[in-house]
Amino acid sequence: ALIQMGLKASQRIDIKEQAKPALVRLRERLNETVALSIWGERGPYFIHIEESNRQITIGIRVGSRGSMLNTTAGQLFAAYMPGTQVEELIMH
């Protein structure tokens, strides 16, 4: 029941639109590409990208899944997960 409530609440809030102003400010401040990700079953999924104005940018695509160990997003999620869950994800 709690999961259903959470899903219904998240459908009313467009997290991308809520986060976009902060992402734009961060991109402008650092002049780096920034990405918004959510946790999927086995890693971060990128749901919004704000690209830097540099000639060469990193190639993240909206909808792609990143590695838990080889992306900053994955490492951040792992830092706040229980250690046993992180170990299980790494082993599989």
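The values are calculated or read from the model by the stated rules, or taken from the named source; none is laboratory data. Bear in mind the structure is a predicted one, so any value in this text is a computation, not a measurement. Note that each Cβ is placed from the backbone with ideal geometry, even for glycine, and that neighbours are counted across all protein chains shown.
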Matching residues in the range 48-91 - criterion: being in contact (Cβ under 8 Å) with a residue 12 or more places away in the chain, out of contact with any Pro (no Cβ under 9 Å at 6 or more places or on another chain) and assigned to a loop (DSSP other than H, G, I, E, B): Glu51, Ser52, Asn53, Arg54, Thr57, Ile58, Ile60, Arg61, Val62, Gly63, Ser64, Leu69
Subset of the range 53-75 (residues that are surrounded by 12 or more Cβ atoms within 10 Å (Cβ to Cβ) and closer than 20 Å to Gln18 by Cα): Val62, Ala73
Of all residues in the range 1-30 being polar (S, T, N, Q) and surrounded by 10 or more Cβ atoms within 10 Å (Cβ to Cβ), the one that is modelled with the lowest pLDDT: Ser10
Checklist (1) surrounded by 10 or more Cβ atoms within 10 Å (Cβ to Cβ); (2) modelled with pLDDT of 85 or more; (3) over 11 Å from the mean Cα position of the chain (by Cα) applied to Gly43, failing item: (3)
